[in-house]
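Read-outs throughout are calculated quantities, based only on the coordinates presented, and are distinct from any laboratory measurement. Computed from a predicted structure; not experimentally measured. Using ideal geometry, Cβ is built from the backbone for each residue, glycine included, and neighbour counts are taken over all protein chains shown.
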Amino acid sequence: YTCSMHPQIMLPAPGKCPICGMELIPVKNRKATDDKITLTDQQIMLSNISVDTIHNGMLGNQLILTATINFDQTKITTVSSRVMGRVEKLYFKDEGAYVKKGDKIYDLYSEDLNNAKKEYQLLIERKTSIDNSVIDFEQLLRSAKNKLLLWGLSESQIQHLASSKEKERTTSIYSNADGYITSLDIKEGDYVMEGMAVLHLAELSSLWVEAQVYNSEFSKIEKDAIAEVRIEQRTFRGKIEFINSEVNTDSRVTLIRVTVVNNDNKLKPGMPAYVVLENPKHDMLSLPIDAVLRDGKGATVWLMTSKNTFENRMVEVGMETGDRIEIKSGLMDGDVVVLTGAYLINSEYIFKKGANPMSGMKM
């Protein structure tokens, strides 16, 4: 039993249509001998059925991924302590603060460093009073100076030390790089050990845009492909520089990375973004999406085989772009395909023959 208004309804017993409430009517439940149906001119006109001969054409697709802006890890510098001591004064106390190369970061009290400074000053004082033929003072001075350089003193600090007789209790430590503080690992009064990280500086002239790609879309991504990055109202272009070879077992996603230039420093880590990937266009058969009928069993289209006669054909579909879909198999160049009204033809077929044209179909 079926409904005259909704022929897709097929029930084994009489009753009312679950959609419109009309009484169901009996149909001859016979297996279709073929997958063709013939319509009248009036039916074709009222159903707004249109057909067209398909040909190969160029088609590409667009993949849009959600992403997040992160620091460019190649632009991060770690400022480390080169000698053990206590932080007496800290000049930068907030993450996100900008530090210029040569800025004073902190004052350090260090017995080891103070002893090395005294040693250098004593050598400077005794240089003129001791016979150089007995002791190679130049070699001693170079060794003492190199120790100070290795422990973080600059050339100007060492020159001031040589010309001054003052015995300074603390030593100022300066930044050797520009950048924004991403993490600050010390506070005033802390003791630092040799090699300990004090702070991390990130340069924002370039940033990483990291997007997650589902496993099903992974095959569409190519390393070194050019991607369009959309951030708020701005658009950037960058190259895919990294594709993670490992897929997360829980989320089934992997990571891709695009580097973008940030000359004006208006982009900040943590901002949301979209990565748009354009697949190259290639020659293929394609149809309007509405021409393809899809359900859990697959996809079909209706072909016009002769005047007013239509045949159902199962097809294999591929990528979609805009309002078109790729036909990978099932059709040939030159086939006449129903573009509009395919659903009405399908309903009429079910109403007349009591069977779904896709039943028992195989590619």
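Rounded, prolate or oblate for the chain? Axes are the square roots of the Cα gyration tensor eigenvalues, ordered a ≥ b ≥ c, and the cut-off for rounded is a/c under 1.5. Taking the square roots of the gyration eigenvalues as a ≥ b ≥ c, the chain is prolate. Summing Cβ point charges (Lys, Arg +1; Asp, Glu -1) relative to the Cα centre of segment 238-297 gives a dipole of roughly 140 debye. In the chain, the DSSP-assigned H stretches of four residues or longer account for a calculated mean residue ellipticity at 222 nm of -5000 deg cm²/dmol, using -39500 (n - 2.57) per stretch and the full residue count as denominator. Taking the alpha-carbon distance from K145 and a cut-off under 28 Å, which lysines remain once sequence neighbours fewer than 8 residues away in the same chain are dropped? The qualifying lysines are K89, K100, K101, K104, K117, K118, K127, K165, K167. Just name one of T171, L113, L204: the one whose Cα is farthest towards the positive end of the charge dipole of the chain (beta-carbon charges, Lys/Arg +1, Asp/Glu -1). Checked the options; the winner is L204.
With the simple spin-label model, which puts each label point 7 Å out from Cα in the Cβ direction, the S143 to Y191 separation comes to 2.9 nm. If you take all other residues with their beta carbon under 13 Å from the beta carbon of T53, and give Lys and Arg +1 and Asp and Glu -1, the sum is -3. Within a straight-line Cα-Cα reach of under 16 Å, K352 can be paired with the following aspartates and glutamates, leaving aside sequence neighbours fewer than 8 residues apart in one chain: D34, D35, E311. Within the listed set L277, L11, L287, the Gaussian network model of the chain (springs between alpha-carbon atoms below 10 Å) gives the highest mean-square fluctuation for L11. Rounded to the nearest 20, the size of the Cβ-charge dipole of the chain about its Cα centre is 500 debye, with Lys and Arg at +1 and Asp and Glu at -1.
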